[in-house]
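Take a look at the structure below.
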Amino acid sequence: MWYDRESLVESIGRDDSSMFLAVDDGTVVGFAQVGPSDDGPADAVVGRIYVLPEYWGEGVGTNLLDRLFDSFRAADHEYVWLALWLTTT
């Protein structure tokens, strides 16, 4: 709901990044994306993480981050950026 569909489809299709999904009863309730860092001291970046508000506090985001960090370790990444975009309404 918060992300442009075309942007997500493009991100999923990238060979240099991974997208992890959290699914509940066949419905995607969250996702996280990791890819290489183009600049800075880190060699990987968490580009996106999102969990539906009704699933906050249930460990979905924690599980997604655990999976991301497992993938970092498996790829021998030592340092990771967290990309942060703030929006106001």
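The values are calculated or read from the model by the stated rules, or taken from the named source; none is laboratory data. This is a predicted model, so every value here is computed, not measured. Every residue, glycine among them, receives a Cβ derived from its backbone with ideal geometry; neighbour counts consider all protein chains shown.
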### Query
Looking at (1) modelled with pLDDT of 90 or more; (2) in a loop (DSSP other than H, G, I, E, B); (3) among the aliphatic types (A, V, I, L, M), which is the only condition Val28 fails?
(2)
## Note on the structure
The condition from (1) basic (Lys, Arg); (2) under 14 Å from Val80 (Cα atoms); (3) in a loop (DSSP other than H, G, I, E, B) that Arg48 misses is numbered (3)
### Message
If I filter region 31-43 for residues that are surrounded by 15 or more Cβ atoms within 10 Å (Cβ to Cβ), closer than 20 Å to Glu10 by Cβ and at pLDDT 90 or above, do I get at least one hit?
### Response
yes
### Query
How about region 67-78: which of its residues are surrounded by 12 or more Cβ atoms within 10 Å (Cβ to Cβ) and either of a type outside the set (Ser, Thr, Tyr) or part of a loop (DSSP other than H, G, I, E, B) (or both)?
Arg67, Leu68, Phe69, Phe72, Ala75, His77
